[in-house]
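The block underneath contains the structure these notes are about, expressed in structure tokens.
Values quoted throughout were computed directly from the atomic coordinates according to the rules given, and no laboratory measurement underlies them. Predicted model, so just to flag it, every value in this text is computed and none were measured. Cβ placement follows ideal geometry from the backbone for every residue including glycine, while neighbour counts extend to all protein chains displayed.
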Amino acid sequence: MAQTVGNIHSIESLGTVDGPGIRFVVFLQGCPMRCMYCHNPDTWDFNIKQKMNIDEILKKYDSVKEFLKNGGLTATGGEPLAQIEFVTELFKQARAKNIHTTLDTSGITFREDNLEKFDELIKYTSLVMLDIKHINNEEHVKLTGHSNQRILSFAKYLSEKKIPVWIRHVVIPGITYNKTYLRQLGEFLSTLNNIQALDVLPYHNMAIVKYEKLKKEYPLKNIPPLTKEQATDARNVILDAMREAKRNQG
């Protein structure tokens, strides 16, 4: 039976960084990851309940759809895949209304022994924004509390299924701003055939105020923000490694 009620953190009517065009963004509550740089720690807790059904969400979408130029609906979080049945039904009903659907995820819940649910979800998914936190598994565990194996497996799965993907990668001084790791990321991305965009995002510390309000310790408070020049450099390293690896593959 389709799950038509979800645990929703909040909704943003006019998102501009959550997929193509201007987006209607649904933030789902709950995330298993504990990324040190997370700017939405208030979405972590699965026990906070704010239920909304799909009819309510799509009614809100319809009320602003005239403003969603070249956009659509994005499910983010938290981790939307933690509520995969709900997101699947939301996307199914959205696609029936010709709404472009974007899944913004880390892929952390992906399981190769449970592909049926993922096969059903991607039937109704126009685009996946996949956040690769760290290419090195040991460093990924330090940064997020989890292995990156499911994330990389999800990336390969999406490539095999030919689902369009935008890769997101946050570059953090002393953690991911490292040429070896950036090159390794580029080499991995070269094996995928569905990448439409690469967003290299400079780390910032603007979440400190939110952590203070939540009375949480911000883990990276002593790390300075990445400059735009460093972000450009990081992106170039990734792209150069991708191109070189592609040539070698050919």
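Would you please calculate the Kirkwood hydrodynamic radius of region 190-250 over all C-alpha pairs and express it in Å, rounded to one decimal?
About 14.3 Å for region 190-250.
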>> Pairing rule first: another cysteine's C-beta must sit under 4.7 Å. Under that rule, which cysteines of the chain stay single?
In response: Cys31
>> Could you work out how much longer the chain between Asn114 and Lys213 gets when fully extended? Use 0.36 nm per residue separation minus the Cα distance between them, nm to one decimal.
In response: 31.8 nm
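In the chain, what % of DSSP beta bridges are antiparallel (nearest 5)? Intermediate values should be presented prior to the final figure.
On the way: 8 of 32 bridges.
Here the share of antiparallel DSSP bridges comes out near 25 percent.
Provide the gained length on full extension for the span Lys60 to Gln249, in nm with one decimal, where the gain is 0.36 nm per separating residue minus the Cα-Cα distance.
Details: separation 189, 0.36 × 189 = 68.04 nm, distance 4.75 nm.
Net length gain for the segment: 63.3 nm.
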> What is the dipole size for the chain, taken about its Cα centre, with +1 at each Lys and Arg Cβ and -1 at each Asp and Glu Cβ, in debye to the nearest 20?
Replying inline: 260
> From the residues Asn136, Ser106, Tyr124, which one has its Cα farthest along the dipole of region 91-140 in the positive direction, the dipole being from +1 and -1 charges on Cβ of Lys/Arg and Asp/Glu about the Cα centre?
Replying inline: Tyr124
> Taking θ as phi - 60°, what are the ³J(HN,Hα) couplings along region 40-51 by the Karplus curve (6.51, -1.76, 1.60), each to the nearest whole Hz, with x for Gly and Pro?
Replying inline: 10, x, 6, 9, 5, 5, 6, 7, 7, 10, 9, 7
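Which entries in Lys117/Lys156; Lys49/Lys216; Lys59/Lys213; Lys59/Lys92; Lys60/Lys133 show an alpha-carbon gap greater than 22 Å? Don't skip to the end; give the middle numbers.
Working: Lys117/Lys156 16 Å; Lys49/Lys216 20 Å; Lys59/Lys213 32 Å; Lys59/Lys92 15 Å; Lys60/Lys133 32 Å.
Table pairs above 22 Å Cα-Cα are Lys59/Lys213; Lys60/Lys133.
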>> In whole Hz and in residue order, list the ³J(HN,Hα) couplings for region 82-89 that follow from phi through the Karplus curve 6.51 cos²θ - 1.76 cosθ + 1.60, θ = phi - 60°; x for Gly and Pro.
In response: 5, 10, 4, 5, 5, 4, 4, 5
> How far apart, in nm, are the 7 Å Cα→Cβ label points at Ile11 and Asp199?
Replying inline: 2.1
>> Over 10 Å intervals from 0, what percent of Cα-Cα pairs in region 50-120 sits in each interval?
In response: 18, 51, 26, 5, 0
> What does the chain give for Rg and for Dmax, in Å, if only its C-alpha atoms count?
Replying inline: 17.9, 53
> Between Lys162 and Lys69, what is the FRET efficiency for a Förster distance of 25 Å, r being their Cβ-Cβ separation, to the nearest 0.05?
Replying inline: 0.40
>> Using only alpha-carbon positions, what ratio does the radius of gyration of region 165-217 give when scaled by 2.2 N^0.38 Å?
In response: 1.48
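Could you give the dipole magnitude of region 101-200 about its Cα centre, charging the beta-carbon of Lys and Arg +1 and that of Asp and Glu -1, in debye to the nearest 20?
Numbers: 12 positive and 12 negative charges, 38 e Å.
Here region 101-200 has a charge dipole of around 180 debye.
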> Excluding same-chain residues fewer than 8 positions from Lys69, which aspartates and glutamates have a Cα within less than 14 Å of its Cα?
Replying inline: Asp18
> Rounded to the nearest 20 Debye, what is the dipole magnitude of region 146-229 about its Cα centre when Lys and Arg each give +1 and Asp and Glu each give -1 at the C-beta?
Replying inline: 240
